[in-house]
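> Before we start, here is the structure in question, set down as structure tokens.
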Amino acid sequence: MEKFEPVISETIDHIIASSGLLKPEIALAIAFLLSIISSLFFEKKFKNSTFLIAVLGFISAFILLIPQFNDPQEGFFGMIRRDDFSIYGRMLILFASLVTGFFIQQHFKHKAIKRKIADVYSILLAASFGLSLLTITTNWLLVFISIETVSIASYVLVGYLSENKKQSEAAVKYVLFGSACAAMMLYGLSLLYGFTGNLDFTSAMHIQGLISAPKILCSVAILFLFAGIGFKLSFAPFHVWSPDVYEGAPTPITAFLSTVPKIAVMILFSRLCASWFETFFYFSELTFLLLVVIAIVTMVVGNFIALRQENMKRLMAYSSIGHTGFLLMAVLAFVQGNTDVLLFYMAVYVLMNLSAFLYIDYLESKIGDANIQSFMGLGKKLPFTFVGFSLIGISLIGLPPTAGFIGKFLIFSNVFELYSESSEFAYLLLLIVGAITTVVSLFYYLKIPLYAFLKENKSDSVIKETFTFQNCLAFLFCIAVVILGIFPSLLLSLLK
Amino acid sequence: MITLTHCLVVSACIFCIGLYAVLAKRNAIMVLVGIELMINAAILNFVAFGKYDESNYGGQIFALFAIVLAAAAVAVGLAIILNVYRKNKTINLDDITDLRD
């Protein structure tokens with residue numbers, strides 16, 4: 001005991017000194033605890049008190065982030081690393097979570113459900129706590145804890161509000177698939193720990209251990225690791241859960257699941273790639289090969305299966321799988337040091353996806369379902385909605401004058417540069433597949449204006465445009481997407 | 001004398017049994033049991049490797065956290081399976097197929 005005494009005071013000093021790094025996370029944690037108390041005791045007296053606490057939590061965490069710019073630091077014995085990349089990532093995460101909070105509140109305002117909505121906000125806070133931890137760490141232990149935090153919170157988000165057969169089925173598929181992938185990832189991590197004796201994946205000891213690890217075991221460990229990451233990013237072949245879960249979950253929850261966890265895990269994944277691509281040994285080659293193959297297969301699977309989807313939510317699920325493939329291409333740009341390409345694409349992706357789901361929710365409340373066929377002839381009755389929705393579709397394809405075009409253009413030009421420098425076949429293949437799948441995506445996104453404006457609807461049902469929270473906010477995002485498409489430097493100069 | 005190899009072989013066997021249960025069993029509870037076996041195999045690995053990491057005890061700490069997280073995930077999983085049973089009156093995964101392409 002005596003030999004520990006001087007170490008203990010030093011350790012405590014270090015922990016106290018580095019606790020400033022975690023200010024936004026601490027704000028979220030406090031909001032989480034307060035929201036549980038308020039949903040237990042105050043919800044009956046003051047309606048919406050939990051919602052207000054959640055909103056305040058997100059906003060205060062956001063404000064606490066701003067003074068941390070341009071000040072990269074390490075804390076908690078290297079477990080937590082703060083840099084500008086993580087701050088931008090957390091800003092995106094908090095922004096999207098805040099929008100989801102409002103979305104949930106508006107979605108359930110007019111619905112009679114048996115469960116207490118207040119608890120959903122607590123779970124949302126817990127999920128964004130885990131997500132923001134994920135962006136600032138390079139330590140496998142913290143990575144696993146935060147991935148599990150996010151996973152458990154998302155299982156509850158999907159399962160808690162399930163009211164019919166379909167919704168409960170979505171939850172059970174999600175939880176079984178997710179836990180199996182997490183278990184595989186844990187086994188992979190245990191092997192990686194065995195090879196290296198170190199849990200920080202950027203450290204020299206870790207890289208050294210991977211270099212000297214036996215090839216077969218190293219491949220097994222990396223494949224298992226990719227199973228866990230692949231589940232959260234929903235890249236092929238671990239994407240099979242996402243269409244079912246997206247269809248079964250309530251629309252605001254789907255909007256959350258399809259955007260926010262992807263950003264956080266993508267940040268983690270790009271850090272992993274950046275530190276593992278540096279060497280010329282077997283594991284670097286394997287990770288690079290896996291990244292390229294997965295990106296190609298994901299783009300192909302996502303975009304081609306989306307062609308024959310009738311349900312708008314399933315279509316968006318496959319479309320977001322396709323976008324994951326593109327984001328994996330952006331990781332290659334990130335590895336070369338172009339952080340802004342990845343961040344710009346993620347920011348645009350958040351705007352596009354959130355507004356698409358806001359529109360889907362609005363249309364669901366208007367016409368009862370989310371099938372594309374039911375949009376027939378509605379363009380004239382709901383012009384405000386469908387003009388915006390079509391623009392979002394155009395941006396998701398990646399056509400000018402929208403921000404989706406700029407995002408895809410930046411990725412393509414970066415990968416092309418890489419190809420002209422190294423003339424490696426993998427880059428060329430990525431470019432070709434990316435271009436082909438972009439063309440393919442034209443066919444299903446343009447179904448929205450096709451059905452809404454060009455097809456006639458004989459039935460004379462009375463559907464009138466109303467200005468709700470959903471379509472007004474979605475229209476705002478739509479304007480933002482167009483403005484960013486015409487003046488991309490507004491955001492790019494910030495991210496540089 | 002039990003060496004590292006013994007531990008690794010046992011954990012690999014447990015992992016394979018778990019993976020087999022996840023892939024082959026159609027009862028949702030049995031799938032959860034399989035997942036639990038896979039997690040425990042990984043935990044065994046961590047503890048076995050942790051013996052050689054005397055500076056940080058990373059493996060042992062990881063094992064503790066993994067046990068806690070596995071328990072939390074299984075609790076949520078069981079609650080969701082109960083919910084499915086109430087709606088569908090079955091937990092056979094082959095019979096729960098409303099959502100598909």
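> Name the residues in region A:49-86 that are within 18 Å of A:Ala264 (Cα to Cα), modelled with pLDDT under 95 and in contact with a helix residue (DSSP H, G or I) (Cβ under 6 Å, 6 or more places away or on another chain), would you?
A:Leu65, A:Met79, A:Ile80, A:Arg82, A:Phe85
> Give the residues of region A:453-496 that are crowded, with 20+ Cβ neighbours inside 10 Å and either under 21 Å from A:Pro400 (Cα atoms) or in contact with an Asp or Glu (Cβ under 7 Å, 6 or more places away or on another chain) (or both), sorted by residue number.
A:Gln470, A:Ala474, A:Phe475, A:Phe477, A:Cys478, A:Val481, A:Leu484, A:Gly485
> Kindly indicate whether A:Ala221 is out of contact with any strand residue (DSSP E or B) (no Cβ under 7 Å at 6 or more places or on another chain) and at pLDDT below 90.
No.
> In addition: Just one of A:Leu28, A:Leu34, A:Leu21, A:Leu92 is within 30 Å of B:Phe62 (Cα to Cα) and either outside any helix (DSSP H, G or I) or touching a Lys or Arg at 6+ places or on another chain (Cβ under 9 Å) (or both); which is it?
Answer to the check: A:Leu21.
> Could we say that A:Tyr419 is part of a helix (DSSP H, G or I), more than 22 Å from the chain's Cα centre (by Cα) and buried (at least 18 other Cβ atoms within 10 Å of the Cβ) here?
It is false that A:Tyr419 is part of a helix (DSSP H, G or I), more than 22 Å from the chain's Cα centre (by Cα) and buried (at least 18 other Cβ atoms within 10 Å of the Cβ).
> Looking at B:Lys25, B:Lys51, can you tell me which residue is closer than 29 Å to A:Asp200 by Cα, among the charged types (D, E, K, R) and either modelled with pLDDT of 95 or more or more than 10 Å from the chain's Cα centre (by Cα) (or both)?
None of the others qualify; the one that does is B:Lys51.
> Could you check how many residues of region A:235-248 are closer than 18 Å to A:Gly159 by Cβ and either touching a Ser or Thr at 6+ places or on another chain (Cβ under 6 Å) or at pLDDT 95 or above (or both)?
The total comes to 2.
> Just to verify a result, which residue in region B:14-39, among those that are more than 9 Å from chain A (Cβ to nearest Cβ), touching a residue at least 24 places away in the same chain (Cβ under 8 Å) and assigned to a helix (DSSP H, G or I), is nearest to A:Val172 (Cα to Cα)?
B:Ile29
> Has region B:70-79 got any residue that is over 19 Å from A:Thr149 (Cα atoms) and within 8 Å of chain A (Cβ to nearest Cβ)?
Checked region B:70-79: no residue is over 19 Å from A:Thr149 (Cα atoms) and within 8 Å of chain A (Cβ to nearest Cβ).
> Let me ask another. With the structure loaded, tell me whether A:Leu157 is in a helix (DSSP H, G or I), touching a residue at least 12 places away in the same chain (Cβ under 8 Å) and more than 9 Å from chain B (Cβ to nearest Cβ) or whether it fails that test.
Criteria met by A:Leu157.
> Please list, ordered by first then second residue, the pairs with beta carbon atoms under 7 Å, 6 or more apart or interchain, first in region A:160-181 and more than 7 Å from chain B (Cβ to nearest Cβ), second among the polar types (S, T, N, Q).
Pairs found: A:Gly178/A:Ser151.
> Hey, could you check region A:365-393 for residues that are within 28 Å of the chain's Cα centre (by Cα), under 18 Å from A:Gln309 (Cβ atoms) and among the small types (Gly, Ala, Ser) and say which is surrounded by the most Cβ atoms within 10 Å (Cβ to Cβ)?
A:Gly393
> Quick one: B:Leu93 ticks every box in (1) modelled with pLDDT of 95 or more; (2) at the interface with chain A (Cβ under 8 Å from one of its Cβ atoms) except a single one, so which number is it?
Tallying (1) modelled with pLDDT of 95 or more; (2) at the interface with chain A (Cβ under 8 Å from one of its Cβ atoms), B:Leu93 fails exactly one: (1).
> The conditions are (1) more than 7 Å from chain A (Cβ to nearest Cβ); (2) assigned to a helix (DSSP H, G or I), and B:Asn56 fails exactly one of them. Which is it?
Here B:Asn56 clears every test but (2).
> Which numbered condition trips up A:Leu210, out of (1) buried (at least 22 other Cβ atoms within 10 Å of the Cβ); (2) closer than 19 Å to B:Phe49 by Cα; (3) within 11 Å of chain B (Cβ to nearest Cβ)?
Evaluating A:Leu210 over (1) buried (at least 22 other Cβ atoms within 10 Å of the Cβ); (2) closer than 19 Å to B:Phe49 by Cα; (3) within 11 Å of chain B (Cβ to nearest Cβ) leaves (3) as the failure.
> For region A:213-246, name all the residues that are buried (at least 21 other Cβ atoms within 10 Å of the Cβ), closer than 19 Å to B:Cys16 by Cα and among the small types (Gly, Ala, Ser).
Result: A:Ala221, A:Gly228.
> Residues A:Ser320, A:Ser284, A:Ser258: which one is among the polar types (S, T, N, Q), more than 14 Å from chain B (Cβ to nearest Cβ) and either surrounded by fewer than 24 Cβ atoms within 10 Å (Cβ to Cβ) or not in a helix (DSSP H, G or I) (or both)?
Going through A:Ser320, A:Ser284, A:Ser258 in turn, the sole match is A:Ser284.
The values are calculated or read from the model by the stated rules, or taken from the named source; none is laboratory data. Since the model is a prediction, treat every value here as computed from it, not as a measurement. Note that we place each Cβ from the backbone using ideal geometry, even for glycine, and neighbour counts take in every protein chain shown.
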